[in-house]
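Single-structure report; data block below.
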Number of protein chains: 2
Amino acid sequence: MRIVLDAMGGDYGPEVTVPGGIQAANDYGINIIFTGDADRIRKELQKYDYPKEHVEVIHCSEEINNKDQPVAAIRRKKDSSMVVGLNLVKEKKADAIISAGNTGALLAGGLFILGRIKGIDRPALAPVYPTTKGVSILIDGGANADCKPRNFLEFGIMGNIYASKVLNIKSPKICIANIGTEEGKGNDITKEAYKLCKDAKFNFAGNVEARDIPSGYADVIITDGFTGNIILKLTEGIAGTIFSELKNEFTKNTLRKLAAAILKTGLKDFKTKFDYTEYGGAPFLGVQGNLIKAHGSSDAKAIKNAIRQATNFVKNNVVEEISKEIFRLGED
Amino acid sequence: MRIVLDAMGGDYGPEVTVPGGIQAANDYGINIIFTGDADRIRKELQKYDYPKEHVEVIHCSEEINNKDQPVAAIRRKKDSSMVVGLNLVKEKKADAIISAGNTGALLAGGLFILGRIKGIDRPALAPVYPTTKGVSILIDGGANADCKPRNFLEFGIMGNIYASKVLNIKSPKICIANIGTEEGKGNDITKEAYKLCKDAKFNFAGNVEARDIPSGYADVIITDGFTGNIILKLTEGIAGTIFSELKNEFTKNTLRKLAAAILKTGLKDFKTKFDYTEYGGAPFLGVQGNLIKAHGSSDAKAIKNAIRQATNFVKNNVVEEISKEIFRLGED
C-alpha cells in the first residue's frame with residue numbers, strides 16, 4: 001500500500017509530518033510518499049530510524065498555504081505538494097493522500113483533480129465526533145454550506161459505508177441533526193430530507209436533537225455543511241471554555257490545587273477520550289480516491305492516526321463501495 | 001405593574017409557579033395575576049405569606065399541555081390559562097405575561113393574539129447564552145426554522161434593544177453566527193444577511209464562528225431559528241455530558257472522591273455561572289406585548305427570575321422601542 005503525505009501541510013510542516021509518516025511506515029508496514037520541499041523533508045528524515053525501502057520523497061517547488069485562495073491555488077500551483085500528491089492518487093501511483101493543509105484547497109483539489117464518484121452530487125467531509133459511547137460520524141462537516149435534501153441521502157449512504165466498513169459498526173444508526181425528533185420537525189431542507197431517507201436502504205433512525213449528539217445517540221449524523229461545521233466548532237469552543245473555567249476554579253487556592261493534582265489522571269483520561277485527533281482526520285467522501293484531511297494543528301501522532309485511518313479506507317475499498325451503492329440507488 | 005403568570009405552565013404547574021410568583025410580588029412590589037385552576041392555585045397560595053392586595057387569581061377551566069398541537073390549542077382552548085393570560089396583555093389589563101408552558105402554543109398565541117409589531121416580519125425568541133464574560137443574547141433561539149436575510153436585520157435591531165436597554169450593554173457587539181469570520185463566508189442566507197447588516201444602525205461586528213460563542217465574543221448572536229436551536233441544545237448536551245463524565249472520573253476511588261469534595265464549591269460556582277435559569281426566560285421579541293417563555297423545567301427561582309426580567313422589559317418600553325426602530329428603518 002502506498003500512501004502520499006503532503007509533507008508541507010499543517011501548522012508545523014515536515015517537523016511533524018515526517019515523524020508521523022515514519023511511525024506509520026514502521027508500524028503498519030506501508031509505503032509513504034512524502035511530497036514537498038525535499039531538502040526540508042530529508043533534513044527531518046535524518047533524525048529518525050526508518051525503513052528506507054518504504055519511504056519515498058518527491059520534491060515539489062511550490063506550497064499551498066492557508067492564505068491562498070483555494071480554487072486559484074489548486075489551478076495555479078501545479079507543483080505544490082498538495083497538487084502533486086493528488087495527481088499521484090489520480091494516476092493510481094498512490095492509494096490515498098493525507099494533508100493537514102488548507103482545507104478549502106484540499107477539497108477543491110479533491111473535486112477538480114480526483115473528481116466526483118458518478119452519481120454523487122456533493123462529496124462531503126466526514127469527521128468523527130467523540131461521544132460518551134465511542135464515536136459518531138458527522139457528515140457533512142463543512143464542505144457544502146448549502147445543501148439540497150437529496151444530498152442528505154448521499155451523506156447517509158456514504159456515512160453508512162464509513163461506519164459499517166471502516167468502524168465496524170453493525171447496521172449503523174443514521175439520523176438527521178434536527179430541532180425536534182418527530183417527522184415534520186425542522187426547516188424545509190431537513191423535512192424533505194427526512195422523507196427521502198425514510199425509504200433509504202440504510203438504518204435511518206429519524207432525527208437526532210443536538211442535545212443528544214454528545215451521548216452518541218446516532219452512529220452517523222447527517223446534516224448540511226453549515227450546521228455540521230457549527231456543531232463541530234461549537235463543541236470545540238464549549239469544551240475549551242469549560243476546561244479553562246474549571247482550571248480557574250481548581251487553582252484558586254493551595255488546597256484546591258492539591259485536590260486537582262489528585263484528579264489529574266482522571267482529567268487526562270477524560271480528555272483523551274474526547275480527543276478527536278486520536279481517531280485520525282476527516283475523509284472527504286464522494287471523490288474518486290481516498291483523501292483524508294488532517295487537522296491543521298495535528299502533531300506527529302495525529303498524522304500517524306490519519307494514515308492508519310487511510311489504510312482502513314484502502315483495505316475496505318470505500319470508494320468502490322460508495323460507487324456501487326450510489327449506482328444501485330440510480331437503478332431503483 | 002401587573003404581570004400575568006400562566007400558573008399551569010411548566011413541568012410542575014402551580015406548585016412551582018405560585019411560590020415563584022409570590023416571591024416576585026414580595027421582592028419587586030408588583031402585582032401578579034395568576035391564570036389557571038383557581039382551586040389548585042389557592043391551595044398553593046395558602047402555604048405562603050404574601051401581599052394579598054398584590055395577588056389576583058383568574059380561574060380558567062382549560063389548560064394547554066405539551067402534547068397539544070400549538071395552533072389548534074390556541075384557537076380552541078379559549079378558556080386556557082395561556083389564552084386568557086395573553087388576552088389580558090392584549091387588552092392592556094396586564095403589562096407582561098410569563099409562561100413555562102407549551103412553547104409552540106405560546107409562540108402561536110403571541111402571533112395570533114398579541115400580533116406582530118408593524119414592520120416585523122418574524123418575531124423571534126431571544127434567550128440569554130451564558131458565557132465566560134457574562135451573557136450573550138441569541139436571537140432567534142428557535143421560533144423560525146426558515147428565515148430570510150431580512151429577518152437577520154430585524155433580529156439585530158431587536159437584539160440590540162434588548163442588550164442595550166435591558167442588559168445595559170453599551171453599544172452591543174452584534175454578530176452573525178457563521179462558519180467563517182470574513183465577509184463572503186457562510187451559506188447563501190448568512191452571506192446575504194451580512195450585506196444587509198453592514199449598513200444597519202446597530203454595532204454590527206461581522207461574523208462569529210461557533211467556536212467563539214462560549215467565550216462571549218458577541219453580545220448579540222443573530223441566526224436563523226434552526227441554527228439557534230442547534231446551538232442552544234448542543235450546548236446543553238455537551239455541558240451535561242462533560243459533567244457526567246467528569247463525575248464518573250471523580251468518583252472512581254476514595255481518594256478521588258475526597259479530592260472532588262474539596263473542589264465541590266468550585267464546581268458549584270462554575271455551574272451557577274452557566275445556569276441560564278439565573279437569567280430568566282426567553283422573551284418573544286417582535287410581538288405587540290411583553291411575552292416571556294420560561295423553561296419548562298423552571299423551578300420557583302427561575303420563575304421569579306423570569307418575572308424580574310419581564311419587569312425590566314416593561315420599564316424599558318422594549319415593545320415601543322422596537323416599533324420605533326423598525327419604523328425608522330422603513331423611512332430610510
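The values are calculated or read from the model by the stated rules, or taken from the named source; none is laboratory data. Given the structure is predicted, the values throughout are model-derived calculations rather than measurements. When we count neighbours, we look across all protein chains shown, and the Cβ atoms used for this are built from the backbone with ideal geometry, even at glycine.
Annotations
Results for (1) buried (at least 17 other Cβ atoms within 10 Å of the Cβ); (2) within 7 Å of another protein chain (Cβ to nearest Cβ), shown as yes or no for each residue.
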| residue | (1), (2) |
| --- | --- |
| A:LEU167 | yes, no |
| A:THR181 | no, no |
| A:LYS195 | no, no |
| A:PHE202 | yes, no |
| A:ASP212 | yes, yes |
| A:TYR217 | yes, no |
| A:PHE226 | yes, yes |
| A:ILE230 | yes, yes |
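- The residue list A:ASP146, A:ASP140, A:ASP224, A:ASP188 contains one member that is over 30 Å from A:ALA105 (Cβ atoms) and acidic (Asp, Glu), which is A:ASP188.
- Selected residue [among the charged types (D, E, K, R), closer than 18 Å to B:ASP299 by Cβ and outside any loop (DSSP other than H, G, I, E, B)] from B:ASP27, B:ASP39, B:ASP11: B:ASP27
- Residue selection: A:GLY101 satisfies the criterion of being surrounded by 24 or more Cβ atoms within 10 Å (Cβ to Cβ), among the small types (Gly, Ala, Ser) and assigned to a loop (DSSP other than H, G, I, E, B).
- Of all residues in the range A:59-79 being crowded, with 17+ Cβ neighbours inside 10 Å and closer than 16 Å to A:THR17 by Cα, the one that is farthest from the chain's Cα centre (by Cα): A:CYS60
- Failed item, numbered, when B:GLY156 is tested on (1) within 13 Å of chain A (Cβ to nearest Cβ); (2) of a type in the set (Gly, Ala, Ser); (3) assigned to a helix (DSSP H, G or I): (1)
- Candidates A:LEU234, A:LEU246 - the one that is of a type in the set (A, V, I, L, M), touching a Pro at 6+ places or on another chain (Cβ under 8 Å) and within 26 Å of B:ASP275 (Cα to Cα): A:LEU234
- Boolean, A:LYS92 is without any contact (Cβ under 8 Å) to a residue 12 or more places away in the chain and more than 19 Å from the chain's Cα centre (by Cα): yes
- With respect to being more than 14 Å from chain B (Cβ to nearest Cβ), surrounded by 24 or more Cβ atoms within 10 Å (Cβ to Cβ), touching a residue at least 24 places away in the same chain (Cβ under 8 Å) and touching a Leu at 6+ places or on another chain (Cβ under 7 Å), A:ALA282 fits the description.
- Meets criteria (in contact with a Pro (Cβ under 6 Å, 6 or more places away or on another chain) and at the interface with chain A (Cβ under 9 Å from one of its Cβ atoms)) for B:PHE274: yes
- Residue that is nearest to the other protein chains (Cβ to nearest Cβ) [pool: residues in the range A:169-179 that are more than 20 Å from A:PRO283 (Cβ to Cβ) and in contact with a Gly (Cβ under 7 Å, 6 or more places away or on another chain)]: A:ILE179
- The one condition in (1) among the aliphatic types (A, V, I, L, M); (2) modelled with pLDDT of 95 or more; (3) surrounded by 19 or more Cβ atoms within 10 Å (Cβ to Cβ) that B:ILE326 fails to fulfil: (2)
- Residue pairs whose Cβ atoms lie under 9 Å apart, separated by 6 or more positions or on different chains, with the first residue in the range B:243-267 and more than 9 Å from chain A (Cβ to nearest Cβ) and the second not in a helix (DSSP H, G or I), are B:LYS257/B:THR251.
- Residue within the range A:51-58 that is among the basic types (Lys, Arg), in a helix (DSSP H, G or I), modelled with pLDDT of 95 or more and over 20 Å from the mean Cα position of the chain (by Cα) present: no
- Criterion applied to B:ASN102, B:ASN160, B:ASN187 was being modelled with pLDDT of 95 or more, in contact with a strand residue (DSSP E or B) (Cβ under 8 Å, 6 or more places away or on another chain) and either of a type outside the set (Phe, Trp, Tyr) or under 16 Å from B:GLY225 (Cα atoms) (or both), and the one residue passing it is B:ASN160.
- Checking A:LYS133 against (1) outside the structural domain of A:LEU86 (by TED's automatic domain parsing); (2) closer than 16 Å to A:GLU321 by Cβ, the condition it does not meet: (2)
- Taking the criterion of being within 32 Å of the chain's Cα centre (by Cα) and surrounded by 12 or more Cβ atoms within 10 Å (Cβ to Cβ), the residues of the range B:248-267 that qualify are B:LEU263, B:THR265, B:GLY266, B:LEU267.
- Looking across the range B:183-193, the residues that are within 12 Å of another protein chain (Cβ to nearest Cβ) and buried (at least 17 other Cβ atoms within 10 Å of the Cβ) come down to B:LYS185, B:GLY186, B:ASN187, B:ILE189, B:THR190, B:LYS191.
- Residue check for A:ASN290: buried (at least 21 other Cβ atoms within 10 Å of the Cβ), more than 7 Å from every other protein chain (Cβ to nearest Cβ) and of a type in the set (S, T, N, Q): yes
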